[in-house]
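Shown next, in structure tokens, is the structure this report addresses.
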């Protein structure tokens, strides 16, 4: 029997089925044998993470070989994981993965490989809004947007709305007011996060980007500015960590 991804309901059904005799001992063992992880020698693939955290293990592709990325993604895929993500993957990895896994897709700006098998319609009344100060911040914003989308959220994005032309931001006030969680990506001096934080009662997740001239110190200036924001309710991610922002926004958005 093929091992599949298990959530709490699946485990309840499995145990109930075994107790009632509709599931054999061998089938139950087949379902459980890869929990909590699969030892691949070079990686311990965490098949238990969906059950613990509500989303499968996400692959950080940078520093891994194409073969390692392929084997981990295939392990997750054949285990029945519905939505699979590999961040910071280069285009040549996508070409390689496409041969092994035809379902895989690639978002070029975000540098994300992903498989989307769960296309359940998200709750449109609880929307994640992703704002990018400038077009140069778009790769990080896209990483955040796609992450939140694949984690089951309704997501809207507004790009190039930075403080250098703040009227562009004000044109999206309805989007800001409607959003349940807001992600702000900004480089340079990182001021957009404070402005947005002062416009909404909703949580704001700020992501400094490594965009800017010399004194931006590859995003450090934006990071420090966001950490020192005078607007309340602004959380700050690490530099360029769009994935982390999308994941945190999803956790907040799914709380009831």
Q. Which numbered condition trips up residue 80, out of (1) in contact (Cβ under 8 Å) with a residue 40 or more places away in the chain; (2) part of a helix (DSSP H, G or I)?
A. (2)
Q.
For the stretch 5-63: of the residues being part of a strand (DSSP E or B) and modelled with pLDDT of 80 or more, which is nearest to residue 79 (Cα to Cα)?
A. 59
Q.
When you scan the stretch 234-245, do you find a residue that is part of a helix (DSSP H, G or I), without any contact (Cβ under 8 Å) to a residue 60 or more places away in the chain and in contact with a strand residue (DSSP E or B) (Cβ under 9 Å, 6 or more places away or on another chain), even just one?
A. yes
**Q.** Given (1) buried (at least 24 other Cβ atoms within 10 Å of the Cβ); (2) in contact with a helix residue (DSSP H, G or I) (Cβ under 7 Å, 6 or more places away or on another chain); (3) within 29 Å of residue 59 (Cβ to Cβ), number of the condition residue 137 does not satisfy
**A.** (2)
(Q) What pairs come out if I take residues in the stretch 216-227 that are assigned by TED's automatic domain parsing to the domain that holds residue 132 and pair them with residues that are part of a helix (DSSP H, G or I) whose C-beta lies under 6 Å away, six or more apart or interchain? (A) 226/193
Q.
The conditions are (1) at pLDDT below 95; (2) within 21 Å of residue 58 (Cα to Cα), and residue 189 fails exactly one of them. Which is it?
A. (2)
Q.
Given the options 207, 211, name the one that is part of a strand (DSSP E or B), crowded, with 20+ Cβ neighbours inside 10 Å and touching a residue at least 24 places away in the same chain (Cβ under 8 Å).
A. 207
Q: Tell me, yes or no, whether the stretch 111-127 has at least one residue that is outside the structural domain of residue 239 (by TED's automatic domain parsing), buried (at least 16 other Cβ atoms within 10 Å of the Cβ) and out of contact with any strand residue (DSSP E or B) (no Cβ under 8 Å at 6 or more places or on another chain).
A: no
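The values are calculated or read from the model by the stated rules, or taken from the named source; none is laboratory data. The structure presented is a predicted model; accordingly, all values stated were derived computationally and were not measured. All Cβ positions, glycine included, derive from the backbone under ideal geometry; neighbour counts span all protein chains shown.
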